[in-house]
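What follows is a single structure, written as structure tokens, with notes after it.
The values are calculated or read from the model by the stated rules, or taken from the named source; none is laboratory data. Computed from a prediction, not measured in an experiment: that's the story for all the values here. Here Cβ is always computed from backbone atoms with ideal geometry, including for glycine, and neighbour counts include all displayed protein chains. The protein model used for the area step is the full one, side chains on, heavy atoms only, and it has no ligands, DNA or RNA in it. Shrake-Rupley method; radii C 1.70, N 1.55, O 1.52, S 1.80 Å.
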Amino acid sequence: MPVESGSSAAARQAKQKRKSHSLSIRRTNSTEQDRSGLQRDMVEGQDSKLPLSLRSNLLDLFSQIEREFENLYIENLELRREIETLNDRLTAEGQTFEGADLAKGALKTKASHSTSQLSQKLKTTYKASTSKIVSSFKATTSRAVCQLVREYVGHRDGIWDLSITRTQPMVLGTASAVNSIKFHPTEQMALTASGDQTAHIWRYMVQLPTPQPVADISQTPCEDDVDFSDKDEADCEVEGPNDCPSIRVATTTLRSHQGVVIAADWLVGGKQVVTASWDRAANLYDVETSELVHSLTGHDQELTHCCTHPTQRLVVTSSRDTTFRLWDFRDPSIHSVNVFQGHTDTVTSAVFTVGDNVVSGSDDRTVKVWDLKNMRSPIATIRTDSAVNRISVSVNQKIIALPHDNRQVRLFDMSGVRLARLPRSNRQGHRRMVCCSSWCEENSTCNLFTCGFDRQAIGWNINIPVLLQEK
């Protein structure tokens with residue numbers, strides 16, 4: 001009788017072990033103890049350069065992934081049944097819904113996706129399916145009609161701010177090398193804030209060009225060349241940039257800040273201005289004497305914006321300390337201040353409305369509407385998917401224009417209902433972050449202007465249906 005050598009016996013035992021392991025792996029109803037025992041046997045029976053503890057951990061992780069996929073598969077089957085039930089219900093009512101394959105498609109993701117992403121995608125698919133079904137029973141309402149009218153180009157860098165005059169002739173001002181620009185309420189003067197720790201007042205004079213006789217068409221550039229040329233088109237349409245006047249000497253220089261002046265605005269009447277700086281203070285100046293009247297302190301971090309009330313001596317300042325403050329100068333002897341807390345990140349801007357409301361935007365992706373008589377909590381909250389920059393509110397239509405970091409501009413009413421999103425594509429709209437928005441309702445052609453880091457300002461025509469305005 002032949003005697004089996006020790007090496008061949010060990011090889012047969014290892015082969016039997018591997019065979020038993022390959023069969024045991026296919027058992028899907030085994031208990032946790034059986035699985036852990038099988039894992040230990042596999043670790044001991046397989047040749048590997050990995051440490052034993054590391055191999056055991058890997059097998060534990062693989063078993064967890066297997067269990068997770070089993071749960072996802074069961075959940076997917078349940079979702080399919082529920083979607084089919086909803087489809088049958090809609091079919092009985094005379095409607096159709098093409099969403100039965102959404103749950104199936106949710107599982108066709110790449111292997112690199114984690115199991116948690118797969119689970120979240122299934123849940124999102126189911127929520128989207130049910131929301132579409134529910135929304136199909138709701139009556140649709142007409143939305144705002146938004147149309148791009150004109151693009152203003154010519155800056156070499158991003159545009160931080162823009163402003164439109166309140167008197168004739170209407171002038172559009174854009175701020176690129178400076179941080180903000182605001183026009184005087186009645187006179188031809190502009191207020192700018194700069195990074196050199198100063199604010200300047202500029203006096204200008206706009207003379208509309210006289211109508212020119214019709215020239216030869218063969219020597220005249222086409223309309224597209226005029227509209228999208230590289231010159232300043234804010235005030236006039238001329239043949240070259242040298243024909244537009246330049247103002248290089250400011251009428252007044254306002255000093256006393258110890259940091260970047262990020263914003264500035266005129267108080268009602270135009271005899272005083274307020275500036276906001278990164279030195280955590282806002283200063284009130286007299287325009288005629290250039291003297292500092294008040295220094296408004298109290299913010300814990302840098303200021304980001306300031307705004308004045310159109311009819312009252314009220315000032316609101318925004319800051320990176322997640323708050324904005326309301327300063328009351330209506331009584332010369334008493335200067336009260338109210339602190340509004342409600343955001344969780346930098347307050348990028350806060351602006352007044354015609355009534356007793358303040359609208360604030362923040363990097364926390366929310367916009368809040370506040371009542372000046374009750375500052376404890378906002379009366380409306382708008383939640384978005386991107387940080388909000390310098391907002392504006394229309395006087396007549398009471399619409400809030402939200403410029404976002406993600407190149408979008410959205411319109412909401414004062415109650416937080418979304419009205420529209422300005423169109424954006426590869427050929428029109430902003431291509432980078434939108435920094436500011438400003439309404440000009442006296443202009444029937446362009447009643448909303450926006451600017452951004454794509455070095456252009458855009459004029460829009462916003463038409464709100466009468467039914468939405470009455471709401």
| remark: Given (1) touching a Leu at 6+ places or on another chain (Cβ under 9 Å); (2) free of Cβ contacts under 8 Å to residues at least 40 places away in the same chain; (3) outside any loop (DSSP other than H, G, I, E, B), VAL316 misses just (2)
| For segment 382-438, list the strands (runs of 3 or more DSSP E) that sit wholly inside it and hold at least 3 residues that are surrounded by fewer than 23 Cβ atoms within 10 Å (Cβ to Cβ) and among the polar types (S, T, N, Q); which are they? | none
| Looking at ASN461, ASN443, which one is surrounded by 14 or more Cβ atoms within 10 Å (Cβ to Cβ) and in contact with a Ser or Thr (Cβ under 7 Å, 6 or more places away or on another chain)? | ASN461
| Residues of segment 358-373 classified as in contact with a strand residue (DSSP E or B) (Cβ under 7 Å, 6 or more places away or on another chain) and either open to solvent by 40 Å² or more (accessible area, probe 1.4 Å) or without any contact (Cβ under 8 Å) to a residue 24 or more places away in the chain (or both), total | 4
| query | Looking at (1) in contact with a strand residue (DSSP E or B) (Cβ under 7 Å, 6 or more places away or on another chain); (2) open to solvent by 10 Å² or more (accessible area, probe 1.4 Å), which is the one condition that is false for ARG376? | reply | (1)
| One residue from VAL260, VAL274 being modelled with pLDDT of 95 or more and touching a Cys at 6+ places or on another chain (Cβ under 7 Å) | VAL274
| request: With the condition kept exactly as written, say whether any residue in segment 329-345 is open to solvent by less than 50 Å² (accessible area, probe 1.4 Å), within 16 Å of the chain's Cα centre (by Cα) and not hydrophobic (A, V, I, L, M, F, W, C). | output: yes
| said: Being open to solvent by 20 Å² or more (accessible area, probe 1.4 Å) and assigned to a loop (DSSP other than H, G, I, E, B): is that true of ASP300 here? | reply: yes
